[in-house]
Amino acid sequence: MNILLTGGAGYIATHTCLELLAAGHEAIVVDNYVNSCPEAVRRVEELSGRSVPVYEADVSDRAAMDRIFEENRIDAVIHFAGLKAVGESVRQPLRYYRNNLDTTLTLCETMAAHGVKRLVFSSSATVYGVPDEVPLREDMFCKGCTNPYGWTKYMIEKILGSVCEADPEWSVVLLRYFNPIGAHESGRIGEDPAGIPNNLMPFITQVAAGRLDHLNVFGNDYDTPDGTGVRDYIHVVDLGRGHVCACDYAAKHTGCEIINLGTGVGYSVLDIVRTFERVNGIRIPCEIAPRRPGDVAACYADPSKAKRLLGWEATHTLEDMCRDAWHWQSMNPMGYRT
Ligand code: UFG
(Lines give C-alpha, C1' and ligand atoms only; values in the text may rest on other atoms or scores of the structure.)
Protein backbone atom coordinates (compact mmCIF):
# COMPACT_ATOMS: atom_id res chain seq x y z
CA MET A 1 0.00 0.00 0.00
CA ASN A 2 0.97 3.68 -0.40
CA ILE A 3 0.65 5.09 3.08
CA LEU A 4 0.68 8.78 4.04
CA LEU A 5 2.19 9.52 7.45
CA THR A 6 1.10 12.86 8.89
CA GLY A 7 3.67 14.11 11.38
CA GLY A 8 5.92 11.62 9.65
CA ALA A 9 9.21 13.07 10.92
CA GLY A 10 8.36 12.42 14.58
CA TYR A 11 9.64 9.77 16.97
CA ILE A 12 6.96 7.09 16.59
CA ALA A 13 6.33 7.94 12.92
CA THR A 14 9.95 7.45 11.80
CA HIS A 15 10.12 4.03 13.47
CA THR A 16 6.78 3.10 11.92
CA CYS A 17 7.95 4.35 8.52
CA LEU A 18 10.95 2.00 8.62
CA GLU A 19 8.72 -0.97 9.50
CA LEU A 20 6.25 -0.08 6.72
CA LEU A 21 9.07 0.06 4.16
CA ALA A 22 10.48 -3.24 5.45
CA ALA A 23 7.03 -4.81 5.01
CA GLY A 24 6.96 -3.71 1.36
CA HIS A 25 4.77 -0.62 1.63
CA GLU A 26 5.52 2.83 0.20
CA ALA A 27 5.55 5.80 2.58
CA ILE A 28 4.84 9.49 1.96
CA VAL A 29 5.48 12.01 4.73
CA VAL A 30 3.88 15.33 5.57
CA ASP A 31 5.26 17.34 8.48
CA ASN A 32 5.48 21.00 9.49
CA TYR A 33 8.60 20.35 11.61
CA VAL A 34 7.11 22.12 14.58
CA ASN A 35 8.53 19.43 16.85
CA SER A 36 10.74 17.42 14.45
CA CYS A 37 13.33 17.90 11.74
CA PRO A 38 14.01 16.79 8.14
CA GLU A 39 17.14 14.90 9.22
CA ALA A 40 14.95 12.22 10.87
CA VAL A 41 13.33 11.26 7.54
CA ARG A 42 16.70 11.45 5.80
CA ARG A 43 17.96 8.81 8.24
CA VAL A 44 14.94 6.60 7.55
CA GLU A 45 15.92 6.78 3.87
CA GLU A 46 19.52 5.95 4.76
CA LEU A 47 18.53 2.94 6.90
CA SER A 48 15.98 1.57 4.42
CA GLY A 49 17.85 2.41 1.22
CA ARG A 50 14.53 3.74 -0.10
CA SER A 51 13.38 7.21 -0.94
CA VAL A 52 10.47 8.76 0.95
CA PRO A 53 8.66 11.77 -0.58
CA VAL A 54 8.38 14.49 2.04
CA TYR A 55 6.05 17.49 2.03
CA GLU A 56 6.71 20.36 4.41
CA ALA A 57 3.16 21.47 5.18
CA ASP A 58 0.62 21.85 7.94
CA VAL A 59 -2.07 19.19 7.92
CA SER A 60 -4.68 21.89 8.52
CA ASP A 61 -3.71 23.52 5.18
CA ARG A 62 -6.37 22.13 2.85
CA ALA A 63 -4.71 23.29 -0.37
CA ALA A 64 -1.41 21.68 0.61
CA MET A 65 -3.19 18.45 1.58
CA ASP A 66 -5.14 18.38 -1.70
CA ARG A 67 -1.87 18.64 -3.57
CA ILE A 68 -0.41 15.66 -1.70
CA PHE A 69 -3.46 13.55 -2.54
CA GLU A 70 -3.37 14.69 -6.17
CA GLU A 71 0.32 13.94 -6.61
CA ASN A 72 0.23 10.51 -4.94
CA ARG A 73 -2.08 7.51 -5.09
CA ILE A 74 -2.71 7.11 -1.37
CA ASP A 75 -4.33 3.94 -0.04
CA ALA A 76 -4.28 4.70 3.69
CA VAL A 77 -3.21 7.36 6.17
CA ILE A 78 -1.57 7.08 9.58
CA HIS A 79 -2.32 10.27 11.48
CA PHE A 80 0.55 11.02 13.87
CA ALA A 81 0.53 14.82 13.55
CA GLY A 82 -0.37 16.60 16.75
CA LEU A 83 0.91 18.47 19.76
CA LYS A 84 1.63 16.09 22.62
CA ALA A 85 3.06 17.73 25.73
CA VAL A 86 0.70 17.27 28.67
CA GLY A 87 1.94 20.23 30.77
CA GLU A 88 2.05 22.59 27.79
CA SER A 89 -1.54 21.64 26.93
CA VAL A 90 -2.65 22.79 30.39
CA ARG A 91 -0.99 26.18 29.81
CA GLN A 92 -2.07 26.55 26.16
CA PRO A 93 -5.40 24.72 25.83
CA LEU A 94 -6.70 26.68 22.83
CA ARG A 95 -3.55 25.99 20.85
CA TYR A 96 -3.93 22.27 21.57
CA TYR A 97 -7.62 22.08 20.70
CA ARG A 98 -7.16 24.23 17.58
CA ASN A 99 -4.15 22.33 16.30
CA ASN A 100 -5.10 18.74 17.08
CA LEU A 101 -8.75 19.03 16.06
CA ASP A 102 -8.22 21.23 12.97
CA THR A 103 -5.57 18.92 11.55
CA THR A 104 -7.81 15.89 12.02
CA LEU A 105 -10.88 17.55 10.50
CA THR A 106 -8.95 18.84 7.49
CA LEU A 107 -7.28 15.47 7.02
CA CYS A 108 -10.62 13.61 7.05
CA GLU A 109 -12.25 16.11 4.71
CA THR A 110 -9.34 15.82 2.29
CA MET A 111 -9.40 12.02 2.49
CA ALA A 112 -13.16 11.91 1.83
CA ALA A 113 -12.80 14.29 -1.13
CA HIS A 114 -10.18 11.99 -2.66
CA GLY A 115 -12.02 8.76 -1.84
CA VAL A 116 -9.45 7.53 0.72
CA LYS A 117 -11.23 5.97 3.69
CA ARG A 118 -8.59 4.00 5.59
CA LEU A 119 -7.11 5.68 8.65
CA VAL A 120 -4.96 4.62 11.59
CA PHE A 121 -4.91 7.17 14.40
CA SER A 122 -2.31 7.77 17.14
CA SER A 123 -4.43 7.77 20.24
CA SER A 124 -3.17 7.32 23.76
CA ALA A 125 -3.79 5.51 27.01
CA THR A 126 -4.33 9.01 28.37
CA VAL A 127 -7.99 8.72 27.25
CA TYR A 128 -8.59 6.21 30.07
CA GLY A 129 -8.09 9.07 32.57
CA VAL A 130 -7.73 7.92 36.17
CA PRO A 131 -8.40 4.19 35.93
CA ASP A 132 -10.62 2.34 38.44
CA GLU A 133 -8.76 -0.86 37.71
CA VAL A 134 -5.84 -2.19 35.66
CA PRO A 135 -5.11 -3.74 33.21
CA LEU A 136 -6.99 -1.37 30.93
CA ARG A 137 -9.33 -2.84 28.32
CA GLU A 138 -10.62 -1.01 25.27
CA ASP A 139 -14.26 -1.49 26.34
CA MET A 140 -13.78 0.23 29.70
CA PHE A 141 -15.73 3.43 30.20
CA CYS A 142 -13.53 6.55 29.95
CA LYS A 143 -14.61 8.82 32.75
CA GLY A 144 -12.62 11.83 31.61
CA CYS A 145 -9.10 13.02 30.91
CA THR A 146 -6.79 14.92 33.23
CA ASN A 147 -5.51 17.49 30.69
CA PRO A 148 -6.41 19.19 27.37
CA TYR A 149 -3.96 17.05 25.38
CA GLY A 150 -5.80 13.96 26.57
CA TRP A 151 -9.16 15.53 25.74
CA THR A 152 -8.01 16.20 22.16
CA LYS A 153 -7.24 12.49 21.76
CA TYR A 154 -10.59 11.61 23.32
CA MET A 155 -12.48 14.03 21.04
CA ILE A 156 -10.67 12.84 17.92
CA GLU A 157 -11.63 9.25 18.79
CA LYS A 158 -15.27 10.40 18.96
CA ILE A 159 -15.01 12.34 15.68
CA LEU A 160 -13.56 9.35 13.85
CA GLY A 161 -16.19 7.06 15.35
CA SER A 162 -18.90 9.37 13.97
CA VAL A 163 -17.26 9.43 10.54
CA CYS A 164 -17.43 5.61 10.45
CA GLU A 165 -21.06 5.60 11.58
CA ALA A 166 -22.04 8.05 8.86
CA ASP A 167 -20.19 6.26 6.07
CA PRO A 168 -19.80 2.48 6.38
CA GLU A 169 -17.02 2.45 3.79
CA TRP A 170 -14.58 4.02 6.25
CA SER A 171 -12.10 1.86 8.13
CA VAL A 172 -10.50 3.43 11.19
CA VAL A 173 -8.17 1.91 13.77
CA LEU A 174 -7.67 3.95 16.94
CA LEU A 175 -4.39 2.83 18.46
CA ARG A 176 -4.12 3.62 22.17
CA TYR A 177 -0.40 3.74 22.87
CA PHE A 178 0.96 3.13 26.32
CA ASN A 179 4.51 4.44 27.02
CA PRO A 180 6.76 4.18 23.96
CA ILE A 181 10.49 4.23 24.72
CA GLY A 182 13.70 2.88 23.16
CA ALA A 183 14.97 3.45 19.65
CA HIS A 184 15.89 1.61 16.47
CA GLU A 185 18.78 -0.73 17.18
CA SER A 186 21.00 1.11 14.67
CA GLY A 187 21.06 4.15 16.96
CA ARG A 188 20.37 6.35 13.91
CA ILE A 189 16.81 7.34 14.82
CA GLY A 190 15.27 7.94 18.25
CA GLU A 191 13.42 10.34 20.49
CA ASP A 192 14.67 13.94 20.31
CA PRO A 193 12.51 16.13 22.55
CA ALA A 194 12.89 19.90 22.37
CA GLY A 195 14.08 21.45 25.62
CA ILE A 196 14.08 19.61 28.94
CA PRO A 197 12.30 16.28 28.50
CA ASN A 198 8.94 15.74 30.17
CA ASN A 199 9.02 11.98 29.87
CA LEU A 200 10.97 9.51 31.94
CA MET A 201 13.26 7.74 29.47
CA PRO A 202 14.58 10.78 27.59
CA PHE A 203 15.19 12.40 30.96
CA ILE A 204 17.20 9.36 32.11
CA THR A 205 19.25 9.22 28.90
CA GLN A 206 20.07 12.93 29.19
CA VAL A 207 21.20 12.41 32.79
CA ALA A 208 23.35 9.52 31.54
CA ALA A 209 24.78 11.79 28.81
CA GLY A 210 25.66 14.46 31.37
CA ARG A 211 23.19 16.98 29.92
CA LEU A 212 21.13 16.87 33.11
CA ASP A 213 22.34 16.45 36.65
CA HIS A 214 19.89 14.01 38.27
CA LEU A 215 16.45 12.45 37.84
CA ASN A 216 13.57 13.67 39.98
CA VAL A 217 11.37 10.70 40.87
CA PHE A 218 7.87 12.14 41.03
CA GLY A 219 6.46 10.53 44.18
CA ASN A 220 7.40 7.39 46.10
CA ASP A 221 4.19 7.09 48.10
CA TYR A 222 1.85 5.66 45.45
CA ASP A 223 -0.05 2.46 46.11
CA THR A 224 2.40 0.41 44.02
CA PRO A 225 4.99 -2.25 45.04
CA ASP A 226 7.84 0.27 45.54
CA GLY A 227 5.74 3.43 45.84
CA THR A 228 6.76 4.90 42.45
CA GLY A 229 4.48 5.18 39.40
CA VAL A 230 3.89 2.06 37.30
CA ARG A 231 3.55 2.24 33.50
CA ASP A 232 3.42 -0.08 30.50
CA TYR A 233 6.62 0.74 28.58
CA ILE A 234 6.68 -0.49 25.00
CA HIS A 235 9.63 -0.56 22.60
CA VAL A 236 9.01 1.93 19.79
CA VAL A 237 9.97 -0.70 17.18
CA ASP A 238 7.23 -2.99 18.52
CA LEU A 239 4.88 -0.03 18.33
CA GLY A 240 5.92 0.63 14.72
CA ARG A 241 5.15 -3.00 13.83
CA GLY A 242 1.76 -2.60 15.47
CA HIS A 243 0.98 0.14 12.95
CA VAL A 244 1.89 -2.11 10.03
CA CYS A 245 -0.55 -4.71 11.39
CA ALA A 246 -3.20 -2.01 11.88
CA CYS A 247 -2.84 -0.90 8.24
CA ASP A 248 -3.24 -4.50 7.07
CA TYR A 249 -6.30 -4.85 9.29
CA ALA A 250 -7.82 -1.61 7.99
CA ALA A 251 -7.41 -2.86 4.42
CA LYS A 252 -9.56 -5.92 5.17
CA HIS A 253 -12.26 -4.47 7.45
CA THR A 254 -14.56 -1.49 7.74
CA GLY A 255 -15.81 0.34 10.82
CA CYS A 256 -13.97 1.72 13.82
CA GLU A 257 -11.83 -0.38 16.19
CA ILE A 258 -10.05 0.78 19.33
CA ILE A 259 -6.89 -1.21 20.05
CA ASN A 260 -4.39 -0.92 22.92
CA LEU A 261 -0.72 -1.16 22.01
CA GLY A 262 1.13 -2.11 25.18
CA THR A 263 2.95 -5.10 26.62
CA GLY A 264 0.56 -5.83 29.48
CA VAL A 265 3.43 -5.55 31.98
CA GLY A 266 3.83 -2.65 34.40
CA TYR A 267 7.23 -1.39 35.56
CA SER A 268 7.88 1.24 38.21
CA VAL A 269 10.11 4.30 37.83
CA LEU A 270 12.72 2.57 40.01
CA ASP A 271 12.50 -0.62 37.89
CA ILE A 272 13.36 1.50 34.85
CA VAL A 273 16.22 3.30 36.56
CA ARG A 274 17.75 0.07 37.93
CA THR A 275 17.42 -1.78 34.63
CA PHE A 276 18.95 1.15 32.74
CA GLU A 277 21.88 1.26 35.20
CA ARG A 278 22.46 -2.50 35.01
CA VAL A 279 22.21 -2.86 31.22
CA ASN A 280 24.32 0.19 30.39
CA GLY A 281 26.68 0.28 33.38
CA ILE A 282 25.89 3.93 34.12
CA ARG A 283 24.67 5.29 37.44
CA ILE A 284 21.62 7.58 37.36
CA PRO A 285 21.53 9.87 40.41
CA CYS A 286 17.92 10.15 41.66
CA GLU A 287 16.11 12.40 44.08
CA ILE A 288 12.61 11.81 45.38
CA ALA A 289 10.41 14.78 44.44
CA PRO A 290 6.71 15.54 45.02
CA ARG A 291 4.08 13.80 42.90
CA ARG A 292 3.50 15.38 39.48
CA PRO A 293 -0.06 16.76 39.15
CA GLY A 294 -2.27 14.59 36.94
CA ASP A 295 -0.14 11.43 37.30
CA VAL A 296 -1.86 8.14 38.13
CA ALA A 297 -0.38 5.38 40.30
CA ALA A 298 -0.51 2.58 37.75
CA CYS A 299 -1.43 2.32 34.09
CA TYR A 300 -0.93 -0.77 31.96
CA ALA A 301 -2.71 -2.44 29.08
CA ASP A 302 -4.65 -5.57 28.50
CA PRO A 303 -3.06 -6.18 25.07
CA SER A 304 -5.17 -9.25 24.18
CA LYS A 305 -7.35 -7.46 21.61
CA ALA A 306 -4.27 -6.47 19.59
CA LYS A 307 -3.19 -10.10 19.56
CA ARG A 308 -6.65 -11.33 18.61
CA LEU A 309 -7.44 -8.78 15.89
CA LEU A 310 -4.03 -7.81 14.57
CA GLY A 311 -1.98 -10.92 15.40
CA TRP A 312 0.44 -8.50 17.08
CA GLU A 313 2.27 -8.65 20.37
CA ALA A 314 5.31 -6.89 21.77
CA THR A 315 8.54 -8.89 21.64
CA HIS A 316 11.19 -6.54 23.04
CA THR A 317 12.19 -6.69 26.73
CA LEU A 318 12.76 -3.84 29.13
CA GLU A 319 16.50 -4.55 28.78
CA ASP A 320 16.20 -4.01 25.00
CA MET A 321 14.37 -0.72 25.58
CA CYS A 322 17.01 0.59 28.03
CA ARG A 323 19.92 -0.53 25.85
CA ASP A 324 18.49 0.92 22.63
CA ALA A 325 17.45 4.21 24.27
CA TRP A 326 21.02 4.71 25.50
CA HIS A 327 22.58 3.57 22.23
CA TRP A 328 20.64 6.29 20.38
CA GLN A 329 21.39 9.00 22.97
CA SER A 330 25.09 8.14 23.27
CA MET A 331 25.53 8.16 19.48
CA ASN A 332 23.56 11.42 19.19
CA PRO A 333 24.19 13.34 22.42
CA MET A 334 22.41 16.41 21.06
CA GLY A 335 19.76 14.45 19.13
CA TYR A 336 19.51 15.18 15.41
CA ARG A 337 21.60 18.33 15.83
CA THR A 338 24.80 16.24 16.05
N1 UFG B 1 8.58 10.40 35.94
C2 UFG B 1 9.49 10.75 36.92
N3 UFG B 1 10.41 11.72 36.63
C4 UFG B 1 10.46 12.36 35.43
C5 UFG B 1 9.52 11.99 34.43
C6 UFG B 1 8.59 11.02 34.73
O7 UFG B 1 9.48 10.22 38.03
O8 UFG B 1 11.30 13.24 35.25
C9 UFG B 1 7.61 9.34 36.22
C10 UFG B 1 6.15 9.79 36.15
O11 UFG B 1 5.73 10.33 37.39
C12 UFG B 1 5.45 8.48 35.77
C13 UFG B 1 6.48 7.77 34.90
O14 UFG B 1 7.74 8.36 35.23
O15 UFG B 1 5.22 7.71 36.92
C16 UFG B 1 6.23 7.92 33.42
O17 UFG B 1 6.12 9.30 33.10
P18 UFG B 1 6.16 9.82 31.60
O19 UFG B 1 6.09 11.32 31.65
O20 UFG B 1 7.30 9.21 30.87
O21 UFG B 1 4.85 9.20 30.95
P22 UFG B 1 3.32 9.35 31.38
O23 UFG B 1 2.84 8.00 31.73
O24 UFG B 1 3.10 10.42 32.37
O25 UFG B 1 2.71 9.92 30.04
C26 UFG B 1 2.70 9.14 28.88
C27 UFG B 1 2.79 10.03 27.65
C28 UFG B 1 1.55 10.86 27.52
C29 UFG B 1 0.34 10.01 27.60
C30 UFG B 1 0.36 9.12 28.80
C31 UFG B 1 -0.76 8.12 28.68
O32 UFG B 1 3.88 10.90 27.74
O33 UFG B 1 1.57 11.48 26.25
O34 UFG B 1 1.56 8.37 28.85
O35 UFG B 1 -1.00 7.45 29.83
F36 UFG B 1 -0.75 10.79 27.67
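The values are calculated or read from the model by the stated rules, or taken from the named source; none is laboratory data. Keep in mind that this is a model prediction, so the values were computed, not measured. With ideal geometry, Cβ positions are generated from the backbone for all residues, glycine too; neighbour counts draw on all protein chains shown. Each accessible area value is taken on the protein alone, full model and side chains, heavy atoms only, with ligands, DNA and RNA left out. Shrake-Rupley method; radii C 1.70, N 1.55, O 1.52, S 1.80 Å.
Count Lys and Arg as plus one, Asp and Glu as minus one, and take only other residues whose Cβ is under 12 Å from that of Glu45; the net charge is then +2. The simple Förster model, with R0 at 25 Å and r as the Cβ-Cβ distance, assigns Ser304 and Ile159 a FRET efficiency of 0.40. Between Glu313 and Asp213, full extension at 0.36 nm per residue minus the direct alpha carbon distance yields a gain of 32.4 nm.
Counting charges near Tyr154 (Lys, Arg +1; Asp, Glu -1) among other residues having Cβ under 12 Å from its Cβ returns a value of +3.
When the square roots of the Cα gyration tensor eigenvalues are ordered a ≥ b ≥ c, the ratio a/c for region 19-75 is 1.5 or more and a/b does not exceed b/c, which makes its shape oblate.
Kindly rank 184-191, 55-62, 91-98 from highest to lowest mean number of other beta carbons found within 10 Å of each residue.
Values: 184-191: 20.5, 55-62: 18.0, 91-98: 14.6.
Taking the mean over residues of other Cβ atoms within 10 Å, the ranking is 184-191, 55-62, 91-98.
Expected output is a single nm value to one decimal: the length gained when fully extending between Asp132 and Asp295, i.e. 0.36 nm times separation in residues minus the C-alpha distance. What is it?
On the way: separation 163, 0.36 × 163 = 58.68 nm, distance 1.39 nm.
So the extension gain works out to 57.3 nm.
Absence of a disulfide-compatible partner, taken as no other cysteine beta carbon within less than 4.7 angstrom, is noted in the chain for Cys17, Cys37, Cys108, Cys142, Cys145, Cys245, Cys247, Cys286, Cys299, Cys322.
Helix 318-331 and the longest principal axis of the C-alpha atoms of the chain enclose an angle of approximately 80°.
Could you work out how far the C-alpha centroid of region 234-278 sits from that of region 163-233, in angstrom? Going from one Cα centre to the other spans 11 Å.
Averaging sequence separations of C-alpha pairs under 8 Å and six or more residues apart, then dividing by the length of the chain, give the relative contact order as a whole percent. Let's see the in-between values first.
Values: 688 pairs, mean separation 65.9, N = 338.
In percent, rounded to a whole number, it is 19.
Specify whether the C-alpha gyration tensor of region 292-338 places it in the rounded, prolate or oblate class, a ≥ b ≥ c being the square roots of the eigenvalues: rounded for a/c under 1.5, otherwise prolate if a/b is larger than b/c and oblate if not. It comes out oblate by the Cα gyration axes. Note on Val34 and Asp320: with the Förster distance fixed at 35 Å, the Cβ-Cβ geometry gives a FRET efficiency of about 0.70.
Here each label is just a point 7 Å from Cα along the line to Cβ, and for Glu109 and Met334 those points are 4.1 nm apart.
Counting only protein heavy atoms and a 1.4 Å probe, tell me what percentage of the chain's accessible area is made up of carbon and sulfur. Mind dumping the intermediate values first?
Working: 7090 of 14320 Å².
Its accessible area is 50 percent carbon and sulfur atoms.
Compared with the dominant principal axis of the Cα atoms in the chain, helix 38-48 is inclined by about 90°. Entry comment: accessible area of the chain is 42 Å² per residue, from protein heavy atoms only and a probe of 1.4 Å. Computed per residue of the chain from DSSP H runs no shorter than four, each worth -39500 (n - 2.57), the mean residue ellipticity at 222 nm is -12500 deg cm²/dmol. Taking a point 7 Å from the Cα of Arg42 along the Cα-to-Cβ direction, the residues of region 168-199 with backbone N closer than 16 Å to it are 188-190.
A probe of 1.4 angstrom, applied to the heavy atoms of all protein chains, finds Trp312 with accessible area near 10 square angstrom.
Say a paramagnetic label sat at a point 7 Å from the Cα of Lys252, along Cα to Cβ; which residues of region 279-323 have their backbone N under 16 Å from it? Backbone N within reach: 305-313.
What shape does region 121-191 have by the C-alpha gyration tensor, where a ≥ b ≥ c are the square roots of the eigenvalues, rounded means a/c under 1.5, and otherwise prolate means a/b greater than b/c and oblate the rest? Write down the numbers at each step before the final one.
Numbers: a/c = 2.16, a/b = 1.31, b/c = 1.65.
Oblate shape, in that a/c is at least 1.5 and b/c is the bigger or equal ratio.
FRET efficiency for the pair Ile196 and Glu56, taken as 1/(1 + (r/R0)^6) with r the Cβ-Cβ distance and R0 = 30 Å, rounds to 0.65.
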